[in-house]
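Q: Following this message is one structure expressed as structure tokens.
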Amino acid sequence: MHGETPEYENLVHNGERIGHDAPVTSMKDRMLAGELYRDDPELRAELDRAARLTEAFNRGSAADPEGRLAVLGELLGSLGEDTWVRPPFHCDYGWNIHLGPRGFVNFNAVFLDVARITIGADAQIGPNVQLLTATHPLDPEPRRQKWEAAKPITIGDNVWLGGGVIVLAGVSIGDNTVVGAGAVVTRDLPANVVAVGNPARVVRDLA
């Protein structure tokens with residue numbers, strides 16, 4: 001249905017026109033493929049599911065850590081052994097988030113998992129960290145029509161993201177890298193470095 005609307009046929013993304021010959025797929029399939037998509041009832045249902053589970057996790061009793069862990073395991077795509085997330089925690093879908101073992105996510109993390117978010121083993125995620133996979137068209141008209149897209153974020157093993165770090169869509173951060181508090185990571189960072197600033201830049205090698 002969406003593929004037959006004039007809005008869809010006239011849409012241009014990254015300089016390429018998406019015409020009537022483009023395959024008609026669900027909005028969820030398009031989202032997961034990194035293509036432009038729009039909200040629809042299926043995706044709203046997925047968002048509602050995540051909202052209920054995050055609410056249950058965030059309101060869970062500190063006296064019942066096993067109960068909180070069970071809710072987190074239901075919410076996320078995968079949760080490594082001995083990894084802990086401190087509430088409040090916020091995400092879009094949950095099932096697009098994969099946390100490796102022995103990790104730690106501090107208070108008030110925001111993981112916009114429109115695309116996959118993968119965090120490796122032994123990662124340390126500071127308070128108020130934002131991992132933002134969502135993107136929007138630069139052209140005003142498709143943005144007005146509520147089209148959006150996403151690119152995955154990958155965080156390697158033993159990475160430390162300081163408080164308030166923002167990681168943008170499509171970024172990968174290599175193993176053992178440290179990102180200083182408040183940095184905005186707009187491009188990939190290699191393994192074994194320290195990066196700081198906005199935009200984040202490498203200031204030290206750790207190898």
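Just so you know, all these numbers are worked out from the coordinates, no wet-lab data involved. These figures come from a predicted structure and were not determined experimentally. A quick note on method: Cβ atoms are made from the backbone with ideal geometry, for glycine too, and the neighbour counts reach across all protein chains shown.
Q: Looking at (1) closer than 30 Å to ASP40 by Cβ; (2) under 19 Å from the mean Cα position of the chain (by Cα), which one does GLY174 not meet, given that it meets all the others?
A: That leaves (1) as the condition not met.
Q: Go through the stretch 120-141 residue by residue and tally those that are more than 23 Å from VAL165 (Cα to Cα) and in contact with an Asp or Glu (Cβ under 8 Å, 6 or more places away or on another chain).
A: 1
Q: Working only within the stretch 22-77, note down all residues that are outside any helix (DSSP H, G or I), in contact (Cβ under 8 Å) with a residue 60 or more places away in the chain and surrounded by 15 or more Cβ atoms within 10 Å (Cβ to Cβ).
A: GLY34, GLU35, LEU36, TYR37, ARG38 - these are the residues of the stretch 22-77 that are outside any helix (DSSP H, G or I), in contact (Cβ under 8 Å) with a residue 60 or more places away in the chain and surrounded by 15 or more Cβ atoms within 10 Å (Cβ to Cβ).
Q: If you don't mind, another one. Please specify each residue of the stretch 66-89 satisfying the condition of being more than 16 Å from the chain's Cα centre (by Cα) and of a type in the set (Ser, Thr, Tyr).
A: THR83, the sole residue that qualifies.
Q: Is at least one residue of the stretch 90-100 polar (S, T, N, Q) and over 14 Å from the mean Cα position of the chain (by Cα)?
A: no
Q: Would you point out the residue of the stretch 146-196, among those that are hydroxyl-bearing (Ser, Thr, Tyr) and within 18 Å of THR118 (Cβ to Cβ), that is surrounded by the most Cβ atoms within 10 Å (Cβ to Cβ)?
A: THR177
Q: Of everything in the stretch 114-145 that's over 26 Å from GLU46 (Cβ atoms) and hydrophobic (A, V, I, L, M, F, W, C), which residue is surrounded by the most Cβ atoms within 10 Å (Cβ to Cβ)?
A: Only one residue tops the list, namely ALA121.
Q: Related question: Here are some conditions: (1) in contact with a His (Cβ under 9 Å, 6 or more places away or on another chain); (2) of a type outside the set (Val, Ile, Thr); (3) under 22 Å from VAL71 (Cβ atoms). PRO137 meets all but one. Which one does it not meet?
A: Looking at each condition in turn, PRO137 falls short on (3).
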